[in-house]
Amino acid sequence: MNSISRIQKYLDGSMSENELKKFREDLQKDPELVQELDLYRSIDKVVASRDEERFRKKLNEVYEAYNALPTDKIDKKPVSGKKVSKKWLIAVSATIISTLSLVFYFVAIKKESNQVIFEKYMVTYSNNLTLRSHSQLDAGKKRLEYGIQLYTRGNYSDASQQFKIVLSEDSENQNARFYNGLCYMYLNEFQSAITSFEYILTQPYSFIQENAKFYLAMCYVRINNDETAKTLLQEIISDNSSHSDIAQKVLKKLR
């Protein structure tokens with residue numbers, strides 16, 4: 001096993017007890033191995049997430065290309081007349097990788113995560129539903145109103161229970177389904193929220209569908225389904241809905 005594979009196994013914690021013992025012994029005797037280990041540790045700090053796995057692989061390929069050059073190639077004299085040692089080549093490869101890592105780091109931190117985008121552009125829905133005076137409401141509408149009050153106070157779990165009761169008695173109640181979708185969203189139950197909003201969009205047109213589409217898009221942003229989110233955001237922009245300005249900003253962030 002070459003040093004690169006050994007170092008990667010060491011950093012991944014996948015060495016057997018005997019391999020780990022031998023590796024630690026070699027670290028005591030081989031300064032170059034220590035240098036390589038330090039280099040890979042610095043790479044792992046920069047390239048830590050799954051999304052950057054291809055970048056990590058590319059860096060490893062660059063390192064191996066330099067470290068594996070044949071001796072007859074390494075010892076040839078360059079234009080300067082000085083011999084190029086393998087140790088010098090390793091140092092050069094380390095510099096290249098470190099520079100690439102630094103560049104990648106600054107690019108990576110500039111790209112906001114989907115969670116950050118969601119939290120930054122999420123718009124809290126305010127109660128625009130007009131109901132008659134409480135004395136004139138039937139039991140279902142009273143429960144819907146009570147659920148909306150709980151939602152407005154931020155009590156999403158109890159509000160959702162009220163909306164579920166309304167829906168059990170009137171499955172076509174789009175207001176209850178919409179507000180329940182919002183509650184699911186704030187409770188981080190995004191798949192349930194998506195189901196609620198998508199159902200609304202399959203029904204005959206109502207004013208609430210414009211809002212449902214926006215929150216549906218934001219749910220897809222939050223669960224990292226960028227392609228579906230982009231499609232919905234583009235539709236929102238094309239429809240010139242009340243959310244089109246925010247949709248444009250979110251779409252730009254996802255590209």
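Report yes if F178 is surrounded by 14 or more Cβ atoms within 10 Å (Cβ to Cβ) and over 22 Å from V116 (Cβ atoms), otherwise no. So that I can check it myself, show each step before the final result.
Values: surrounded by 14 or more Cβ atoms within 10 Å (Cβ to Cβ): yes; over 22 Å from V116 (Cβ atoms): yes.
In short, yes.
Among the numbered conditions (1) at pLDDT below 95; (2) touching a Cys at 6+ places or on another chain (Cβ under 6 Å), tell me where P204 comes up short.
Unmet for P204, out of (1) at pLDDT below 95; (2) touching a Cys at 6+ places or on another chain (Cβ under 6 Å): (2).
Would you pick out the residues in the stretch 164-195 that are in contact with a helix residue (DSSP H, G or I) (Cβ under 6 Å, 6 or more places away or on another chain) and either in contact (Cβ under 8 Å) with a residue 60 or more places away in the chain or among the hydroxyl-bearing types (S, T, Y) (or both)?
Y179, Y184, Y186, S192
Yes/no per residue for (1) of a type outside the set (F, W, Y); (2) surrounded by fewer than 14 Cβ atoms within 10 Å (Cβ to Cβ); (3) outside the structural domain of F163 (by TED's automatic domain parsing):
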position: Y199; (1), (2), (3): no, no, no
position: Q203; (1), (2), (3): yes, yes, no
position: F207; (1), (2), (3): no, yes, no
position: A212; (1), (2), (3): yes, no, no
position: E227; (1), (2), (3): yes, yes, no
position: S244; (1), (2), (3): yes, no, no
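List, please: which pairs have Cβ atoms under 8 Å, are six or more places apart or on different chains, and start with a residue in the stretch 19-43 that is closer than 14 Å to K9 by Cα and end with one that is surrounded by 13 or more Cβ atoms within 10 Å (Cβ to Cβ) and basic (K, R)?
Close Cβ pairs (under 8 Å, with a partner that is surrounded by 13 or more Cβ atoms within 10 Å (Cβ to Cβ) and basic (K, R)) amount to E19/R6; E19/K9; F23/R6.
Can L232 be described as closer than 30 Å to R153 by Cβ, in contact (Cβ under 8 Å) with a residue 24 or more places away in the chain and not small (G, A, S)?
no
Mind checking which residues of the stretch 146-173 are assigned to a helix (DSSP H, G or I), of a type outside the set (V, I, T) and within 31 Å of the chain's Cα centre (by Cα)?
L150, Y151, Y156, S157, D158, A159, S160, Q161, F163, K164
The values are calculated or read from the model by the stated rules, or taken from the named source; none is laboratory data. Small disclaimer: the values here were computed from a predicted structure and weren't measured. Backbone-built Cβ (ideal geometry, glycine too); neighbour counts: all protein chains shown.
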